[in-house]
Structure formats: structure tokens, C-alpha cells
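**Student:** Attaching a single structure in C-alpha cells format; questions to follow.
The values are calculated or read from the model by the stated rules, or taken from the named source; none is laboratory data. Nothing here was measured: the structure is a model prediction, and the numbers come from that model. In this analysis, Cβ positions are derived from the backbone assuming ideal geometry, glycine residues included, and neighbour counts consider all displayed protein chains. Quick note on the areas: whole protein, heavy atoms, side chains included, nothing else; ligands and nucleic acids left out. Shrake-Rupley method; radii C 1.70, N 1.55, O 1.52, S 1.80 Å.
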Amino acid sequence: MRVTFTQSSNEGVFRGWILLRIEANDICTQIWTSSTFNPYKELYIWLGQIRDSQLPAKMIIDEEGHGVELIAEYLSDLFVQFRIEPWMCGNDTTTRLKIATEPCQLIEAFHDGVIKFLKDEYQPSQWSYIDDLSNTNWGSLLKPSNISGENWRIRLAMYWGGRGTVPETGRETVWNQLTLEQQWLVILHDVLLWTTQLTANGQITEAYALVSFYKNLPIDLALGEFDASWYEKRRIELNKKYGLCEYSIERRTPKNCRSSAKARLKTLKLGQLVDGTIRGIKPYGVFVDIGGYYALLHINAISQLAINHPEEVFQVDDWIRAMIVWIDVEKGRVSLSTSDLETEPGDMLRDPLGVYEKAEEMADKYYQNVLSKLEAE
């Protein structure tokens, strides 16, 4: 078994993307990985679960609207079954790869591929300003386990992993299992990412304010002088003073448009399927983070059947799959639709996941209808 990674130098949509190539038993499968849906923190967890026999171990790699699921299942004390299945690929249900292998061989193949890629080819600046690949201790996967297998599940939740479709991996499920000090360390993890994004956007004042506040947190925790009530009060004051919203790290205003958002906008096109997370719900629709850009799903575009309020279908932080039906590049606006993905009116009310599973097929029909209308004109 051989695993290799190659970084695209294409100046178009795939610029900076990393191609994951897996070869085994004369079969080769290729998977594009995008920093928009960065899979590498979850890949580390997935390999750790295999090493520690936390099976079955599963993870999704999202190739911007469709992808694959990596699955490792128990076969015997010596072997696991490794499969690669299509994920959200419409009628394509063909298994990409299915082999029996020793867990150590599977882990070593991925480890060796990553390390060679980091040494010979990787260009972090072309990938993302958050470099998860270089700053992950891949070598620890080759050492005997010295942690609880439960830690992998908790780590996945702290990273907001699991694609938002598996409740037991949700952060809210494990949050109360942590001590108060551990919870604040997780908050610090989020703030570090938040500060990086603010800095990349030129919001230096806000970034400095966060650093000035949170820099004392690790010291207070280390010395046993942590005062949770004071930190919580000060955090609220700070967020209010600078207009910060912790649960909307990708904050955008007309005055403050991120370069990363502009770059994301250039990758979008009409009829494209996108996966995202609902960040806000209003009476007129929902705002969806589609991997670096916020798009609107209007209430009238949720279902072909009328609904009174989007909360009849969605909640904040829900995972969603939708189709882009309108883009205004000048104004930076993107509109989505799930109603055009329904096979029958009201499917989004009855079975949203069923709609998402057939999304690619319905998107193809939508595209063909648009072409027919254009030809008729």
C-alpha cells in the first residue's frame, strides 16, 4: 500500500489544493483535498483511532460538494478492512477501494506519505494561513498508545469535527465532560484561530485586544489562580467593546471584507453544489457559511412547499447542502436553494438528508433545464 500527496500549481480553482493518492492491490484512487474543508486534523484523529483499535473509524473528505468516506473496520486481531466509499455522489455508489491490511501498515503508509510531502513539496502559503499539516505530530502515530481511546472522540468534538452529521461527535455532547479549566483551554484554542483570521483581515486592533486579554490565561491556569467569573465577565466586556462575535469567527461587514472571502467567491459558480453550516436564522431565511463565504438561503428557496419560518427546518450549526442559484460578484452576494434539489415538493420538510443524498442528480437536472431555456431564447 502506498499513499502520496501532490500540491496543485494550477492557477484556477484547484490552486493550492492537495491531491491524495492511494494505491493498493493494483487499484488507485485519487481524492482532492481543499483547505475550505481541511481534512487533515480529522485524518490524524482517524489514524489514531485505528492505532488504538477504536473501530469502526470513519471520516469524510469533502471535495467541495461531493467526496469520499474513509472507513476502517475490524476484521481480526491482526487485520482491518479499509474501504473508500463515495459520499454524496448521487447515483454513484461504487466502492473506490476495499482491502484487508494490518493497522500498522495502513498508518505507516499515510505517515510516510505525509512526511515525504512535507519535506519535498509542500508550500503552506499556497494551502492556507492555518498550517495544520506541518504543525501536527504525525510521528506520534507510530508510537505505542499512551492515551485513552476516548480522547480521540473528545479531540474530534473540540475541532468541531464529524461533518456536523453525527451527534455523538458534537462539541456540545462532550463539553460538560471537561473540567472548567479544560473548557477554557479549548476556548483559547478557538481564540488563537480567531486572532489569526482577524489579523489576516487587517483587524489588528481587535487582534491585539484578544491577545492582551487571553495571554494571561495559561499562566493563571498553570499557577492555580484562574478566576472563571472574572474571565467570563471580561470576555463579555471585550466582545461588546469591539463588536466581536465568537460564534461567527468569519465576521464580515460592508466596511470589512476579507481577502479570503473574495478568494472563495472566485471559486463559486451557478449550479454548484456546496456544503456549509448554518450560522444565522432570520424570518426571511438562513445565512450559511459555505467554507469562507456567507450565502443566503431565502425562506422561499428552502422548499417547494411554503413554510412559516426557517426554524421549521433548520437550527443554528446544522450542516446543510445547497445549490448556488445566483451570484452578484460586484456586491459580493450569493443565493442558495434547496427547493430545487427536492424530488417532490416538501422533501426538505420530511427528509432533508434524503434530499442531500440525491442532490447531485437534481443539480444536473437543474443545469440541463437552464441550458434548455438559454437555447430556446
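**Student:** Six or more apart or on different chains, Cβ atoms under 7 Å: show the pairs whose first residue is in region 265-284 and assigned to a helix (DSSP H, G or I) and whose second is open to solvent by 90 Å² or more (accessible area, probe 1.4 Å).
**Tutor:** Sorted first by the residue in region 265-284, then by its partner, the pairs are L265/V329.
**Student:** Can you tell me which of (1) surrounded by fewer than 17 Cβ atoms within 10 Å (Cβ to Cβ); (2) aliphatic (A, V, I, L, M); (3) farther than 23 Å from F37 by Cβ is the one L118 doesn't meet?
**Tutor:** (3)
**Student:** Which of (1) in contact (Cβ under 8 Å) with a residue 12 or more places away in the chain; (2) over 18 Å from the mean Cα position of the chain (by Cα) is the odd one out, the single condition I290 does not satisfy?
**Tutor:** (2)
**Student:** Okay, moving on. Of all residues in region 41-57 being touching a Ser or Thr at 6+ places or on another chain (Cβ under 8 Å) and more than 21 Å from D77 (Cα to Cα), which is most open to solvent (accessible area, probe 1.4 Å)?
**Tutor:** Once the filter is applied, the top-ranked residue is K41.
**Student:** So, in region 93-115, how many residues would count as being under 19 Å from Y40 (Cβ atoms) and either exposed (fewer than 14 other Cβ atoms within 10 Å of the Cβ) or of a type in the set (S, T, Y) (or both)?
**Tutor:** Here is the first cut: in region 93-115, the ones under 19 Å from Y40 (Cβ atoms) are 106-115.
Now narrow it down to the ones that are either exposed (fewer than 14 other Cβ atoms within 10 Å of the Cβ) or of a type in the set (S, T, Y) (or both): 115.
So the count comes out to 1.
**Student:** Out of region 297-329, which residues are assigned to a strand (DSSP E or B), at pLDDT 90 or above and open to solvent by 30 Å² or more (accessible area, probe 1.4 Å)?
**Tutor:** The one that is assigned to a strand (DSSP E or B), at pLDDT 90 or above and open to solvent by 30 Å² or more (accessible area, probe 1.4 Å): H298.
**Student:** Being closer than 20 Å to I130 by Cα, crowded, with 16+ Cβ neighbours inside 10 Å and in contact (Cβ under 8 Å) with a residue 24 or more places away in the chain is the filter; apply it to region 199-209 and report the residue that is nearest to the chain's Cα centre (by Cα).
**Tutor:** N201
**Student:** Is there any pair linking a residue in region 210-239 that is touching a residue at least 12 places away in the same chain (Cβ under 8 Å) to one that is crowded, with 16+ Cβ neighbours inside 10 Å and polar (S, T, N, Q), with Cβ under 7 Å and at least six apart or on different chains, and which?
**Tutor:** L210/T195; V211/T195
**Student:** Among (1) under 17 Å from M158 (Cβ atoms); (2) open to solvent by less than 70 Å² (accessible area, probe 1.4 Å); (3) modelled with pLDDT of 85 or more, where does W175 come up short?
**Tutor:** The number of the failed condition is (3).
**Student:** Among the residues of region 94-104, is any within 16 Å of the chain's Cα centre (by Cα), modelled with pLDDT of 90 or more and at negative phi? Talk me through it step by step, then tell me what you get.
**Tutor:** Taking region 94-104 as the starting set, the residues that turn out to be within 16 Å of the chain's Cα centre (by Cα) are none.
Within region 94-104, not a single residue is within 16 Å of the chain's Cα centre (by Cα), modelled with pLDDT of 90 or more and at negative phi.
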